[in-house]
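Visitor: One structure coming up, written as structure tokens, with questions to follow.
Nothing in this text is a laboratory measurement; each read-out follows from the coordinates by a stated rule. Values in this document were obtained by computation on a predicted structure and should not be read as measured data. With ideal geometry, Cβ positions are generated from the backbone for all residues, glycine too; neighbour counts draw on all protein chains shown.
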Amino acid sequence: MKILVINSGSSSIKYQCFDMATPTVLATGLVERIGEPAGRLIHRPAGGPAVQRDGVIPTHRDGLAQVVELLLDGNHGVIESPDEITAVGHRVVHGGERFSAPTVIDDDVRQTIRDLSPLAPLHNPPNLVGIEVATELFPDAVQVAVFDTAFHQTMPPEAYRYAIPTALYDEHKIRAYGFHGTSHQYVSDVAARHLGKPATDTNLITIHLGNGCSITAVRGGQSVDTSMGFSPLPGLIMGTRSGDIDPAVVFFLSEQLGMSVSQIDRVLNKQSGLLGLAGANDLRDIQRRHEEGDEAATLALTMYTYRIKKYIGAYFAALGRVDALVFTAGVGQNSALVRQMACDGLEALGVRLDDAKNAAAAGDISEIQAVDSPVCVLVIATNEELEIARQTVSVIRS
Ligand code: AMP
């Protein structure tokens with residue numbers, strides 16, 4: 001069974017085509033700068049050379065049509081006809097309270113995704129465009145939505161409600177939803193299998209540190225708390241997002257500095273985090289400058305890891321018993337220094353790293369705790385696309 005996974009953003013489409021029998025990746029690719037003067041498509045068939053096409057790509061439809069052409073291409077293609085694709089799995093950012101599981105897309109689901117757009121104005125509309133275009137280009141395939149928020153729908157009210165007037169929740173659904181659910185779910189499943197325990201008996205703290213960062217408390221395979229909230233802005237310090245701040249800062253920026261809502265949005269989402277603190281959003285730059293003695297980089301790294309540590313402590317309290325901490329995504333998988341700084345001082349909670357194992361972590365999964373550490377510490381390579389493909393298969397089978 002062949003599954004195409006699509007992540008359609010405001011000006012880009014990422015895709016992966018899987019043969020789920022093994023499962024194997026047949027091709028991956030990226031269409032970027034859609035609607036801009038210099039568009040680009042990069043298509044990487046497994047085992048073959050990458051194909052790059054530069055030129056204007058006016059719309060998502062044009063971009064996806066080119067993808068279909070390359071998937072069918074005599075030299076670079078991986079399928080012979082669009083009807084070989086049994087289903088298309090779409091990453092959809094916001095499923096609100098309606099979707100706690102992947103769902104076959106029909107008119108009603110499409111309308112609900114549209115209705116949820118005010119909660120994710122930058123994401124749900126381009127996700128919908130991807131769905132519409134894929135439905136047109138793969139008319140025989142089942143279209144499935146896999147929601148970033150779905151995994152966190154198991155959070156109890158004490159975790160997801162805000163202490164604001166109840167009417168704002170009842171009438172406007174203002175509450176924490178959480179994001180990166182597909183990644184937290186994927187690494188939770190891998191961790192439970194690695195520990196040799198049923199997921200229903202495994203407590204984990206999963207720490208996704210990429211460009212966006214979030215941390216989740218997982219009890220018995222279910223999310224019970226997570227650091228992102230109503231939007232992907234709160235919680236951990238990220239590449240360009242502030243993470244947690246006092247909401248009164250927003251009043252100050254507006255009333256005292258005269259900033260508009262969109263200027264404040266830009267400051268907190270695009271100009272804060274590591275970028276705001278040290279002028280660079282890539283942790284590799286921050287780490288290199290820290291090693292060279294740059295004070296701003298050291299402060300940024302210290303704040304970044306201190307915030308992770310605070311959440312780890314909070315989620316130990318929430319869970320009571322923790323089998324493993326799991327680090328994942330670009331920073332979590334690659335930065336031994338971040339893992340070491342985030343875990344430093346957690347010995348009283350039962351977390352002790354082995355420095356050599358931490359430095360050597362690589363591949364799909366590594367254990368990096370010391371032999372006498374009661375809590376396991378894992379580094380797991382996340383694979384959101386494979387998780388979307390698997391969930392897509394499970395929906396069509398059921
Ligand atoms: P992701 O969003 O998961 O693709 O993660 C992207 C981020 O991972 C980049 O912005 C980098 O900051 C970080 N990253 C990637 N490779 C490394 C590395 N070798 N060491 C530290 N951070 C890294």
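Visitor: Quick check: pseudo-label points 7 Å beyond the Cα along Cα→Cβ at residue 140 and residue 52, how many nm apart are they?
Guide: Here the modelled spin labels are 3.6 nm apart.
Visitor: Quick check: pseudo-label points 7 Å beyond the Cα along Cα→Cβ at residue 252 and residue 352, how many nm apart are they?
Guide: Modelled inter-label distance: 4.2 nm.
Visitor: Based on the alpha-carbon gyration tensor of the range 229-297 and its eigenvalue square roots a ≥ b ≥ c, which shape applies: rounded if a/c is under 1.5, prolate if not and a/b is larger than b/c, or oblate?
Guide: prolate
Visitor: Between residue 173 and residue 115, what is the spin-label point distance in nm, taking each point 7 Å from the Cα along the Cα→C-beta axis?
Guide: Label-label distance for residue 173 and residue 115, simple model: 0.8 nm.
Visitor: For residue 263 and residue 65, compute 0.36 nm times the residue count separating them, minus their Cα-Cα distance, and round to one decimal in nm.
Guide: The residue 263-residue 65 span can extend by a further 67.7 nm.
Visitor: Could you give the distance between the Cα centres of the range 240-275 and the range 296-344, to the whole Å?
Guide: 24 Å
Visitor: If you don't mind, there's one more thing I want to ask. Mind checking which of 183, 350, 336 is farthest towards the positive end of the chain's charge dipole, using Cβ charges of +1 (Lys, Arg) and -1 (Asp, Glu) about the Cα centre?
Guide: Positive-most Cα among the choices belongs to 350.
Visitor: Can I ask one more? Any idea what the dipole of the range 205-338 comes to, in debye rounded to 20, about its Cα centre with Lys/Arg Cβ at +1 and Asp/Glu Cβ at -1?
Guide: On the way: 11 positive and 12 negative charges, 65 e Å.
In debye, rounded to 20, the range 205-338 gives about 320.
Visitor: Rounded, prolate or oblate for the chain? Axes are the square roots of the Cα gyration tensor eigenvalues, ordered a ≥ b ≥ c, and the cut-off for rounded is a/c under 1.5.
Guide: Note, shape of the chain comes out rounded.
Visitor: Relative to the Cα centre, what is the charge dipole magnitude of the range 1-133, using +1 at the beta carbon of each Lys and Arg, -1 at the beta carbon of each Asp and Glu, and rounding to the nearest 20 debye?
Guide: 400 debye
Visitor: Now a separate question. I want to verify a result. In a Gaussian network model of the chain, Cα cutoff 10 Å, which of these has the top mean-square fluctuation: 66, 256, 143?
Guide: 256
Visitor: Taking loop as defined by DSSP and a crowding limit of 12 other beta carbons within 10 Å, which GluC sites (Glu not before Pro) in the range 230-309 fit?
Guide: Within the range 230-309, the qualifying GluC sites (Glu not before Pro) (loop, at most 12 other Cβ atoms within 10 Å) are 292.
Visitor: Per the helix-only calculation at 222 nm, which mean residue ellipticity applies to the chain, given -39500 (n - 2.57) for every DSSP H run of n ≥ 4 and division by its residues, nearest 500 deg cm²/dmol?
Guide: On the way: 15 runs with 154 residues, N = 398.
When only DSSP H runs of four or more count, the value is -11500 deg cm²/dmol.
Visitor: While we're looking at this one, here's another question. Please figure out what share of the DSSP beta bridges in the chain is antiparallel and state it in percent, rounded to the nearest 5.
Guide: Roughly 65 percent of the DSSP beta bridges within the chain come out antiparallel.
Visitor: As I understand it, the dipole of the chain uses +1 on the Cβ of Lys and Arg and -1 on the Cβ of Asp and Glu, about the Cα centre. Which of 17, 313, 213 lies farthest toward its positive end?
Guide: In the chain, that residue is 313.
Visitor: Between residue 100 and residue 193, what length comes free when the chain is fully extended (0.36 nm per residue of separation minus the Cα-Cα distance, one decimal in nm)?
Guide: Here the answer is 31.2 nm.
Visitor: What is the range 1-135 by shape, rounded, prolate or oblate, if you read a ≥ b ≥ c off the alpha carbon gyration tensor as root eigenvalues and call it rounded for a/c under 1.5, prolate for a/b larger than b/c, and oblate otherwise?
Guide: It is oblate, given that a/c is not under 1.5 and a/b is not larger than b/c.
Visitor: Relative to the Cα centre, what is the charge dipole magnitude of the range 139-281, using +1 at the beta carbon of each Lys and Arg, -1 at the beta carbon of each Asp and Glu, and rounding to the nearest 20 debye?
Guide: Dipole about the Cα centre, nearest 20: 260 debye.
Visitor: Collect residues whose amide H, placed 1.01 Å from N in the peptide plane, falls under 5 Å from the amide H of residue 9; neighbours closer than 5 in sequence don't count.
Guide: HN-HN under 5 Å from residue 9: 14.
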